[in-house]
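Report on the structure given below.
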Amino acid sequence: MILLLAILLLARGAGGYEIRTLETSRADKRFSIVMTAVINLPIDEVHRRLTDFNQLTRLSPYVEESRQLEPDEAGDIIVYTRIRACVIFICKTVRIFEAITYPEKNRIVATVIPARSELAYGQSSWTLSPQGNSTLLEYESQLEPGFDMFPLIGPAAARYSLKKQAKQFLEGLEEYR
């Protein structure tokens, strides 16, 4: 989910969504993303779609599988996601396990479990607020791949690919295929 959510952040939509602010940075292997966007759906529907962990494949053609597993010892929800990401002609299947918590109403926090994932680190936070009949999404994320990104083509090509995938994800969130 964290990689899938990061994909969402790198597009500007023309349709039923609007990205108001977007800041990305990279330090060593760790990427940071901060975004504010408006989705033309009621808050309860956005929350339901983002947390329908067994159906994340409905949001993006890049998600090959997603499922909610049994809670961990702390009672946190565990989500497994398998994503097929392609940069130019090189594809990589990325498996991610995350612990999901709800520290307050309309806030979702996902923390990668590195020992079980192909990410070395990851944490994201979604805060949803009603804005008329729409939903304001505030997103913050840090993630670090647990694999090499091909130093010469990786970061630049990955940004291009993520922009394309982000538009499809935002459209999927609205259409819920």
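Applying both filters, DSSP loop and at most 14 other Cβ atoms within 10 Å, to the chymotrypsin sites (Phe, Trp or Tyr not before Pro) of region 51-127 gives 89.
From the Cα gyration tensor of region 36-93, with a ≥ b ≥ c the square roots of its eigenvalues, which class applies: rounded if a/c is under 1.5, or else prolate if a/b is larger than b/c, or else oblate? Here region 36-93 falls in the oblate category.
Counting only Cα atoms, region 86-145 measures 43, 28, 14 Å along its principal axes, largest extent leading. Each residue, residue 40 and residue 106, gets one label point 7 Å from its Cα in the Cβ direction; the gap between the two is 2.1 nm. In this rough spin-label picture, where each label sits 7 Å from Cα along the Cβ direction, the residue 29-residue 91 distance is 2.5 nm. Taken about its Cα centre, region 31-121 carries a charge dipole of roughly 360 debye when the Cβ of each Lys and Arg holds +1 and the Cβ of each Asp and Glu holds -1. All Cα-Cα distances of region 26-132, cut into 10 Å bins from zero to the largest, leave 13, 40, 37, 10, 0 percent in each bin in turn.
Applying a DSSP loop filter and a limit of 14 other Cβ atoms within 10 Å to the trypsin sites (Lys or Arg not before Pro) in region 78-116 leaves 105.
Bear in mind these aren't lab numbers, they're just calculated from the coordinates by the rules spelled out. It should be emphasised that the depicted structure is a prediction, and the values quoted were computed from it without experimental measurement. Cβ sites come from the backbone with ideal geometry, for glycine too, and all protein chains shown count toward neighbours.
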